[in-house]
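Below: one structure, written as structure tokens.
Every read-out reported here was derived from the displayed coordinates using simple, explicitly stated rules and does not represent laboratory data. Predicted model only: the values in this text are computed from it and were never measured. Note that we place each Cβ from the backbone using ideal geometry, even for glycine, and neighbour counts take in every protein chain shown.
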Amino acid sequence: MKMRSIITTKSALATGCALVAIVSLPAMAAAQDEPTQPAATPTGAQTPDSDATITGADSDDTSSREILVTGSRIRQDPNSSALPLQIITSQDFLREGIESPEQLISLLSTNGNGADNLASNSDVVGGAQRGTNGLSAANLRGQGAASTLVLLNGRRVAAHGLQGSAVDVNQIPFAAIERVEVLKDGASAIYGTDAIGGVINFITKSDFTGLALNGFVDITEQGDSPIYRLSGTAGYGDLQAQGFNIMASVSKSWRGILRGENRDFVNGNQPERGLSIDTRGTPIATAFANGANAIFAPNGSLLSGVPLPIPGTTSNANGGINYLDLPGGAGCESFDGGMAYDNELWANTPATFACAWDTGRAAILQQPIETLTYYGKATVALGNHRISAEITGSDADSSKQFSSNQYSGNTSTTPLYYPLNALTADTYNFVYDRIVAEFPAIAVNYGKPISYRWRCVVCGPREYKTNTKTLRAALAIEGPLGGSWDYAAGASYARSESNSVLGSGYAYRGIFSSSARAAASGVPGAVSGGIDPRAPTAPGASAPGIVGLLNSGIINPFSVTQTPQALAALDAVSASGVTLYGGKYEVKQVDASISGSLFDLPGGTVKMAAGVDYRRETYSFNGSADAEFDRPEIFNVAFDNVNALAPQSRDVKAAYAEVLVPVFDMLEITVAGRVDDYTGFGTTFNPKVAGKFQPFEWLMFRASYNTGFRVPTFNQIFNGVTESPNPGNALVDPTTCPTGAVDPAVPGCAAITPDSLSGGNLNLGPETSEQYSVGVVFQPSPLFSAAVDFWSIAVDDTIGALTIRQLLDNAEFFQDRIVRTGGIITQLDVTADNIGSRRTKGLEVALRGGFDTMGGTLLAGLDGTWLLEKKEKFLPSAPYSESQIGLFTFAGDLGLEWKHNAFVTYSNERFSVSLSQIFRKGYKNLALPGIANGTVTRPGFNEFVDDYITYNFSVGVNVMEQFRLTAGIRNVFDADPPFAITYDSNFGSGSSWEPRVADPRGRSFTVAVEAKF
């Protein structure tokens, strides 16, 4: 890899909940772990009810409100921070029915709208989204999951074992979490790489004694996709009185599957609203006019070599003919998920008589996942010094399922021909009679096999089963050095290891798909398109693999039902259980720091912190032996063996310092800087300056400026290059089609289907950022506060990969990435690169207001983010794109102009009731080619997607001193996700709603029970 310097001066169980109420341990004292109570603060946060530091140790001065907060190494009051810091506590969890870190992240208004949750990455994906099996990530300020730093007790955790870039937040031991600190500011000057969008620091309970048992259930009104969690936390020993504390926590959670077919709003067959699906691989096969194949159709197929005129047009029906869609046919809607192919919307007249199938209904909206997490910590006090050791880990099993495989017949690598024989005669003649009635010219071909495209629904959905295990161990020591100075040191090890295997939906091909595979097979005379005898042969089939089975006629692709013999034959060629791939990410870290007072100024004491740390990151990725050329090929599996990577490591050496200067009573300045030396990338220095000016106790102005950086992930550097086909029908050559929309009637605007190259780049450099924020905090009384912060993030040398559409839209700047054959675009290079610049600006608002009444406190609040600017360009010489605020994009972050979470809650010592509103503003909808080019109009097409608004309600009661019951309703009014066109014909993914914005489950009922002893 090329060395380069980056120095820059700008640089279960519904009833299971009840078990916690049955247990009685009278010998133990009640657990010391009360929920943090609501309090209005200048940060718009809630004050933590503990003085725990970010390393989890307690302050000796328990009366002080000064603690170590995320974004600083100097103790200070979090409620008068010069940085926009949001503290989320157990009260917030209860109010919103939050049972997992993923749900917490999605609640944050400052979190972006990327494909970072288990709904948005569960469909067919490509490029950077490959390997997200079971992954949920954070994406602060829309800068991407790799640009948000996730910490546990102030130290790094390992990135997801498959993806190697983002942290899977669901590995966090949620049951042991005391609070979550969200720093909405860059922090490379404190923590180094990745902290561009911000930092999320999960902080565990500390000095816990007693026993706490928790149960949680979340059941939808429709009775599906249940969520359960059971957890227990136990602790013994008082640090102050006994000099030690030992605590442990374990949690098990279950998330049930939710399929697209179980929600009415998932419907790709809404042509009157401008949505239809671009696939002709349907459960009842569509016939095509494919030519001859030497093995299965030496004389061609039924539809080949004859005219197939479409009445009223000058086109032939070479885009597929489905007998259901012919005059007098039963109609494409006669099978589940079927629809007539909308050739007008897709500007594809040759497909007039084809059927389509709703692939979105086959995807899962909530991935089933079972997760076990555990956490343990032991702390010993030696005088004023404290030594602590902690261990945490998780074990998760997920199932990613999406639309069943489409077998698209061709004349070479997937030759599919339905023969005429004794087994097939009835079906063959039935299909022939219906087609010949409309196209009599095919009569001369009677007896020739029927070439077709078919969706193997009976094979089951394509499925990746993934197991991910994480482990993290840390040792820390801290104490006084003398005078006002303290020290802290620690070491940690973290790893995440994932392995995926194939589930349903995959079969051995039985045909060599390339010359390279044929040559490596060792089979005498093997050629591309020839029989692969190494693949299993189904009983009764004349050739191996799924191709041999389909060409035997045992499977009837023109029917939705199959014989027991056919189902047994499918099982015989199934590839279920084959290893897909696996990866492991490890982080080893050692750090040490000191902090204390330097001297006094009129405004107070100058404080300083300084430290060093060393970190080694190691990543490896392995594929499957079954993907090697010397093994029989499995059809349409993204093995990613080309990305196989032996363990690669890089070392990071860093030193940092931070100084807090109270210039005078009203003005405080903090200056920080960090030097990082990265293996392969050289050295970078990143400064940060923050200040607050508080002319009155109730008014504070704050500002910060800093630079940041992010180095490429191992995958972005070392991934091999993969060539993928593009089966879509929505791309045009931008140099010949001025409208940019498919329209065969316009010269140069015919659809193109180029292959794409994706993968890594050994010459990648880091991306750099420059950001600043300016804010004001107003707090006229303890229960009223308002904070408004303007922020700006400028990122250059952005690390990433162009999407196919982005490359075509910017073709004039990337001619070297576009390959033409005979003047037609046949290949696009979308491998990783430093692809330009990104500019994002916004306002963050935090409001709190309340008063004491009726023996308790009534409190209302709002946290919102207003996106003011979002644009990018892909080369220094290129112009910035149009504003991406409120504009639909297939990939990356969907920039919503406004998001907020608002709540009102009343609480007293025994009772609390809360109502909250989640608001996500709408955006410009996608238009399919026919509408985009203006050739068709659909009366129900909505140019803009509606706002998404839901309400949550909860009631909590302390039934007795040691027992609390909280019941809630999520999505009180059962609001469906608004209709949105998200279908991507290039991947065959998406549907009629946006999983990056909305929750698909609908109204659900939650019960949380906690018992303390």
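Here segment 423-446 and segment 177-237 have alpha carbon centers that stand 63 Å from each other.
Stokes-Einstein, applied to the Kirkwood radius of segment 527-664 over Cα pairs at a viscosity of 1.306 mPa s and 10 °C, places its translational diffusion at 76 µm² s⁻¹. Cross-link reach is defined here as a Cα-Cα straight distance under 20 Å, omitting same-chain residues fewer than 8 places apart; for Lys873 the lysines meeting it are Lys10, Lys841.
Convex hull volume of the Cα atoms of segment 826-969, normalised per residue: 212 Å³. Counting neighbouring Cβ atoms within 10 Å and putting the fewest first, the residues Ile200, Ile310 line up as Ile310, Ile200. In the frame of its principal axes, segment 102-204 has Cα extents of 36, 30, 26 Å, reported largest first.
Neighbours of Leu345 by Cβ distance under 13 Å: Lys/Arg scored +1, Asp/Glu scored -1, total -3. Positive contributions from Lys and Arg (+1) and negative ones from Asp and Glu (-1), summed over other residues with Cβ under 12 Å from the Cβ of Lys584, come out at -1.
Peptides 278-291, 701-714, 765-778, ordered by how many other C-beta atoms sit within 10 Å of their residues on average, highest first, read 278-291, 701-714, 765-778. With N counted as the residues of segment 644-713, its alpha-carbon radius of gyration over 2.2 N^0.38 Å works out to 1.63. Partner lysines whose Cα lies under 29 Å from the Cα of Lys448, excluding those fewer than 8 positions away in the same chain, are not found.
Structural size metrics of segment 425-484, computed from C-alpha coordinates, are Rg and Dmax of 33.7, 101 Å. Among the GluC sites (Glu not before Pro) within segment 832-898, those in coil by DSSP and having at most 10 neighbouring Cβ atoms inside 10 Å are Glu882. For segment 727-883, the convex hull spanned by the alpha carbon atoms encloses 195 Å³ per residue.
By other beta-carbon atoms within 10 Å, ranking Met608, Met960, Met247 with the fewest at the front produces Met960, Met608, Met247.
Projecting the Cα atoms of Ser388, Val573, Gly154 onto the charge dipole of the chain, computed from C-beta unit charges around the Cα centre, puts Val573 farthest toward the positive end. Pair-distance distribution P(r) for segment 942-1013, from all Cα-Cα distances in 10 Å bins starting at 0: 17, 31, 23, 16, 9, 3 percent. Taking the centroid of alpha carbons for each part, segment 826-887 and segment 380-404 are 31 Å apart. Viscosity 0.890 mPa s, temperature 25 °C: give me the Stokes-Einstein translational D for segment 229-324 in µm²/s, with Rh taken as the Kirkwood radius over C-alpha pairs. Once the numbers are plugged in, D ends up at 119 µm²/s.
Put simply, the convex hull of the Cα atoms in segment 385-535 casts, on average, a shadow of 17.7 nm².
For segment 170-298, the mean projected area of the C-alpha convex hull, equal to one quarter of the hull surface, is 18.6 nm². The residues Cys332, Cys355, when put in order of fewest to most other Cβ atoms within 10 Å, stand as Cys332, Cys355. Under a no-solvent Debye model with one identical scatterer per Cα of segment 551-607, what's log10 I(q)/I(0) at q = 0.15, 0.30 Å⁻¹? So the normalised log intensities are -0.75, -1.19. With Cα atoms as the point set, the radius of gyration and Dmax of segment 385-436 evaluate to 27.8, 90 Å.
Treating each Cα of segment 881-952 as an identical point scatterer and ignoring solvent, apply the Debye formula and state log10 I(q)/I(0) at q = 0.18, 0.19 Å⁻¹. Values returned for q = 0.18, 0.19 Å⁻¹ are -0.83, -0.88. Neighbours of Ser276 by Cβ distance under 14 Å: Lys/Arg scored +1, Asp/Glu scored -1, total -4. Against the compact-protein benchmark of 2.2 N^0.38 Å, the Cα-based radius of gyration of segment 455-613 scales to 2.03. The shape of segment 360-463 can be summarised by an equivalent ellipsoid whose semi-axes, obtained from the alpha carbon gyration tensor, come to 64, 12, 11 Å from longest to shortest. When DSSP beta bridges are restricted to pairs lying wholly in the chain, around 95% turn out antiparallel. Pairs exceeding 20 Å between alpha-carbon atoms, taken from Lys252/Lys469; Lys588/Lys688; Lys184/Lys899; Lys184/Lys653: Lys588/Lys688; Lys184/Lys653.
With no solvent and one equal point scatterer placed on each C-alpha of segment 766-840, evaluate the Debye formula and give log10 I(q)/I(0) for q = 0.19, 0.20 Å⁻¹, two decimals. So the normalised log intensities work out to -0.85, -0.89. When the Kirkwood radius is taken over all Cα pairs of segment 796-850, what Stokes-Einstein diffusion coefficient follows at 20 °C and 1.002 mPa s, in µm²/s? Translational diffusion coefficient: 153 µm²/s. Over the C-alpha trace of the chain, radius of gyration and Dmax come out as 30.3, 102 angstrom.
Between segment 947-998 and segment 253-315, what's the alpha-carbon centroid distance in Å? Each part reduced to its Cα centre gives a spacing of 33 Å.
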